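Here the structure is laid out as structure tokens; the discussion comes afterwards.
The values are calculated or read from the model by the stated rules, or taken from the named source; none is laboratory data. Everything numeric in this text was worked out from a predicted model, so none of it was measured. Cβ: placed from backbone, ideal geometry, glycine included. Neighbour counts: every protein chain shown. These accessible areas exclude ligands, DNA and RNA; they are computed on the full protein's heavy atoms, side chains included. Shrake-Rupley method; radii C 1.70, N 1.55, O 1.52, S 1.80 Å.
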Amino acid sequence: MTLAGITVTWAQSATQTVRGMVVDAQSGFPLLGVNVVVLNTNPLIGAVTDAQGYYTLKQVPLGRQSLRISYIGYEEQVIPNVVVTSGKEVVLDINLTEQVSVIGEVVVTAEPEKTVTNNELTTVSARSFNLEETGRYAGSRNDPARMAANFAGVAANNDDRNDIIIRGNSPSGLLWRLEGINIPNPSHYGSLSASGGPISLLNYNLLDKSDFLTAAFPAEYGNALAGVFDLQLRRGNTEKHEHLGQIGVNGVELGMEGPFSKKSKASYLASYRYSTLGFYEMVGLNFGTGTATPEYQDLTFKVDVPTAKAGRFTLFGIGGKSNVDLLSSDKGSESLYGSEFTNDYASYQTGIAGLSHLYYFNSTLHYKLSLAASRQEEHLYRDSLSAVDQTPIPAGQADYVNNKYSAHLTLNKKFSARNNVSGGIILDLYDFDLMNRRIVPGSERVIRNANGKSLLSQLYAQWQLRFTNKITLNSGLNFQRFEVSRSEVLQPRLGLQFQLDQKQTLALGYGRHSQIQPLDIYFVRTELPDGTVAETNRKLGFTNSHHFVISYDRSLGTNFRMKVETYYQKINDAAVELAPSSFSMLNAGVDFEPINRDSLVNRGEGENFGLELTLEKFYSKGYYLLLTTSLYKSSYKGSDGAWHSTAFDGGYIGNILGGKEFSIGKRDNTLAIDVKFTASGGNRYTPIDYARSAQLGYEVRQDHLAFTESLNGYLRADLKLSYRINAPKVTHEFALDLQNITNRQNEFARAYNPRTNTVHTQYQIGFFPIPQYRITF
């Protein structure tokens, strides 16, 4: 019996449970009676969804499994590569699309589709991603933004930050959305006016399938010029309490999830992280701050409470704080921040909390109301150091606080499989207190000192018309108003998709997209000749752009696809200086310094166009491949009337990624090897006017030669090794991400030394090994 007992225990530990919910893709309403089966199992493992749309698959073998979901009147769906481990149950929610019935048309079962987005109204330039993809790619550091840099049209030439450049646009053109709410910059050490930072606040262990969009996005997304991250947090396990522990570059992490009660489907999910960069500093590895050690911590949670009629209440939140003291003695030549002639003290805090309610009036009509509050604090203090004895001299201070109160109300009506209409209102009330000053011996200049409230409001309507199963029209309209400048704009969106045959899809997309300026820009003070001050940027309106996209997608086999997109973006009303100069807000984010320009007007222009190619072999037969290539041109016109390359006009981007998995042992332990190679054009810069700089004692650029010079091309190779052990009821995962394995010295910037009137080259992070251990149980 003892031997038999061991055999039974082994069989039980070599399987796991897969559970989730199946809903209608357009209405979101749960579907009763859907068949969910695990392919290639004998005997066949399957389940049927209940009245609430839930399904449970028990004793699913460990390893990568494929699910087939079928329902009468709906397109069949196959979901490959569902990773099943011993330490954690799989919770997988599924959207099914209803077929359009057309007399005489033959409905063909859908091929496995791995790039379908959560948002049914996307037509072009969009892709979904999940937890596994975020953690799998070499060099991504479990960061959604760094992961997205592997996609076509996206550049990330800064090893120390996760700001991304989409099709030549400024990083500040990116919109972050979480659980339906527009959120502030979700990064540690992330400023109010930026969209990224060195460490992400987003915890990939808690992310559900999410969307990344780069052009002509649906009408519900406003206040963005470049792209959108539409993120979802996953639900906690509704049947079993589970735990997670992890240590890596993002910190020491402890997480837990599970049901509140066995009598309901209510669940919780929470995780806390604390920084571990002190370890890297002790072993002599540089992460861009010299010998200074950044400290940070964050917490993420979600509570999901289902209600009657398929409704639910959801409570969610993210909070983090970070600080670093960058002293001159710590910086040295390897620091990418500040100057060796200053001491800088920085602290940041970000908090986001939201509550949403979803209610179904019937199976085709529902509303969702989301309410949220966020707070962003940024405190900076700088001392300059005496050239004689290094005595600290106060040089500047910035204290920024921005509270934002948000509401998003949506109403969705599915009239039929052909017609789906939705609309909504988004309100973002800013409550801000912004102060910063620059100090020189004997005088002080207050750059901004403003507090108050202002409202950004949006109204939108969207319509999806499916003429047939092969032809879909997505249209919409977004209206925005910003109270600081009392600006208004109307933004039409249009997308048309043709499925030419089983293997080919052609899509066209257009959108007008508008964005306000970073909030602090509006309150820069101008000293007038009579000694008074005025906020000359307060009348700045929206920067507007028109996106045009043509997309062609072709299946080259069951697990191999090719996608080609070409695009053109015309930008109008960019903020430039009133007096003739090459300055434009389209170059915001090129460095870490705040923009303190006054007397700005909406008279600038910009232009981005390019061609993108994606070749992707989805994971099958133990390996995957991804090749993305982009050729592009990015230019702008300032108030000088001349066209210049933007700071982000690198010209080309290329990525090659691949990975191979090896199954080891009866428990399907897995050894994985992932590689990545990236090549892209260097960022551009404006050459120094040495004579003028020597005369004035500070850096002066040759304005008429704006961004005519470029850094050397960026090249980097990464290698990631990982090993997953499926022990009984516990999964151990070990990984070593060897970033920049060739230790290439990629250029970061040309830094000016005012004391010697010379320029030296700053280099990015060299070879950087990142070990990680993860346990789930």
Scanning the range 662-683 for residues that are at pLDDT 95 or above and charged (D, E, K, R), which turns out farthest from Trp643 (Cα to Cα)? Asp674
Please work out if Gly641 is in a strand (DSSP E or B) and either open to solvent by less than 20 Å² (accessible area, probe 1.4 Å) or in contact (Cβ under 8 Å) with a residue 60 or more places away in the chain (or both). no
Within the bounds of the range 599-609, is there any residue that is charged (D, E, K, R), closer than 30 Å to Val82 by Cβ and surrounded by fewer than 21 Cβ atoms within 10 Å (Cβ to Cβ)? no
I'm told Ala672 meets every condition in (1) of a type in the set (A, V, I, L, M, F, W, C); (2) closer than 27 Å to Ser140 by Cα; (3) open to solvent by 60 Å² or more (accessible area, probe 1.4 Å); (4) out of contact with any Leu (no Cβ under 7 Å at 6 or more places or on another chain) except one. Can you identify the failing condition by its number? (3)
Does Ser514 qualify as being assigned to a strand (DSSP E or B), open to solvent by less than 60 Å² (accessible area, probe 1.4 Å) and either free of Cβ contacts under 8 Å to residues at least 40 places away in the same chain or over 30 Å from Lys470 (Cβ atoms) (or both)? yes
Checking Leu556 against (1) farther than 24 Å from Asn436 by Cα; (2) surrounded by 15 or more Cβ atoms within 10 Å (Cβ to Cβ), only one condition comes out false. Which one? (2)
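When the range 469-488 is examined, which residues are found to be crowded, with 21+ Cβ neighbours inside 10 Å and not in a loop (DSSP other than H, G, I, E, B)?
The answer is Thr472, Asn474, Gly476, Asn478, Gln480, Phe482.
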Which of the residues belonging to the range 489-511 are polar (S, T, N, Q) and open to solvent by 30 Å² or more (accessible area, probe 1.4 Å)? Gln497, Gln499, Gln502, Gln504, Thr505
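One line per residue, one yes/no per condition, for (1) hydrophobic (A, V, I, L, M, F, W, C); (2) open to solvent by less than 30 Å² (accessible area, probe 1.4 Å); (3) at pLDDT 95 or above; (4) in contact with a Gly (Cβ under 9 Å, 6 or more places away or on another chain):
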{"site": "Leu31", "(1), (2), (3), (4)": "yes, yes, yes, yes"}
{"site": "Asn35", "(1), (2), (3), (4)": "no, no, yes, yes"}
{"site": "Ala47", "(1), (2), (3), (4)": "yes, yes, yes, no"}
{"site": "Thr56", "(1), (2), (3), (4)": "no, no, yes, yes"}
{"site": "Gln77", "(1), (2), (3), (4)": "no, no, no, no"}
{"site": "Val82", "(1), (2), (3), (4)": "yes, yes, no, no"}
Can you tell me which residues in the range 534-553 are assigned to a strand (DSSP E or B), touching a residue at least 24 places away in the same chain (Cβ under 8 Å) and surrounded by fewer than 17 Cβ atoms within 10 Å (Cβ to Cβ)? His546, Ile550, Tyr552
Return the total of residues in the range 739-768 being open to solvent by 30 Å² or more (accessible area, probe 1.4 Å) and within 17 Å of Leu715 (Cα to Cα). 9
Members of the range 412-462 that are small (Gly, Ala, Ser), assigned to a strand (DSSP E or B), in contact (Cβ under 8 Å) with a residue 24 or more places away in the chain and more than 20 Å from Leu490 (Cα to Cα): Ala450
Given the structure, is Ala679 out of contact with any helix residue (DSSP H, G or I) (no Cβ under 9 Å at 6 or more places or on another chain), small (Gly, Ala, Ser) and open to solvent by 60 Å² or more (accessible area, probe 1.4 Å)? no
Kindly list the number of the only condition in (1) open to solvent by 20 Å² or more (accessible area, probe 1.4 Å); (2) touching a Ser or Thr at 6+ places or on another chain (Cβ under 9 Å); (3) among the charged types (D, E, K, R) that fails for Arg466. (1)
Could you tell me whether the range 564-585 includes any residue that is within 21 Å of the chain's Cα centre (by Cα), closer than 13 Å to Leu225 by Cβ, open to solvent by 10 Å² or more (accessible area, probe 1.4 Å) and among the aliphatic types (A, V, I, L, M)? no
Test Phe618 against the stated conditions and say whether it is at pLDDT below 95, open to solvent by less than 50 Å² (accessible area, probe 1.4 Å) and of a type in the set (A, V, I, L, M, F, W, C). yes
Which condition number in (1) at pLDDT 95 or above; (2) open to solvent by less than 20 Å² (accessible area, probe 1.4 Å); (3) more than 27 Å from Gln26 (Cβ to Cβ); (4) of a type outside the set (A, V, I, L, M) is the one that Gly63 fails? (1)
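For the range 342-357, indicate whether the set of residues that are over 30 Å from Asn451 (Cα atoms), within 28 Å of the chain's Cα centre (by Cα) and in a strand (DSSP E or B) is non-empty.
Looking for residues that are over 30 Å from Asn451 (Cα atoms), within 28 Å of the chain's Cα centre (by Cα) and in a strand (DSSP E or B), one finds at least one in the range 342-357, hence yes.
Condition first: without any contact (Cβ under 8 Å) to a residue 12 or more places away in the chain and either under 23 Å from Tyr359 (Cβ atoms) or outside any loop (DSSP other than H, G, I, E, B) (or both). Now tell me which residues in the range 23-46 satisfy that.
Across the range 23-46, the qualifying residue is only Gly46.
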Please tell me if Ile656 is open to solvent by 40 Å² or more (accessible area, probe 1.4 Å) and either on the phi < 0 side of the Ramachandran plot or out of contact with any strand residue (DSSP E or B) (no Cβ under 7 Å at 6 or more places or on another chain) (or both). yes
Taking Ile725 as meeting all but one of (1) touching a His at 6+ places or on another chain (Cβ under 6 Å); (2) touching a residue at least 60 places away in the same chain (Cβ under 8 Å); (3) of a type outside the set (Phe, Trp, Tyr); (4) open to solvent by 20 Å² or more (accessible area, probe 1.4 Å), write down the number of the exception. (2)
Hits in the range 181-193 (condition: in a loop (DSSP other than H, G, I, E, B) and aliphatic (A, V, I, L, M)): Ile183, Leu192
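May I ask you to say which residue of Tyr367, Tyr381, Tyr359 is of a type in the set (Ser, Thr, Tyr), open to solvent by 60 Å² or more (accessible area, probe 1.4 Å) and at pLDDT 95 or above?
Numbers: Tyr367 fails: open to solvent by 60 Å² or more (accessible area, probe 1.4 Å); Tyr381 fails: at pLDDT 95 or above.
Step by step, each of Tyr367, Tyr381, Tyr359 is checked, and only Tyr359 is of a type in the set (Ser, Thr, Tyr), open to solvent by 60 Å² or more (accessible area, probe 1.4 Å) and at pLDDT 95 or above.
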Could you check, for the range 696-717, whether at least one of its residues is of a type in the set (Val, Ile, Thr) and at pLDDT 95 or above? yes
Residues being among the acidic types (Asp, Glu) and surrounded by 18 or more Cβ atoms within 10 Å (Cβ to Cβ): count how many of those fall in the range 422-442. 1
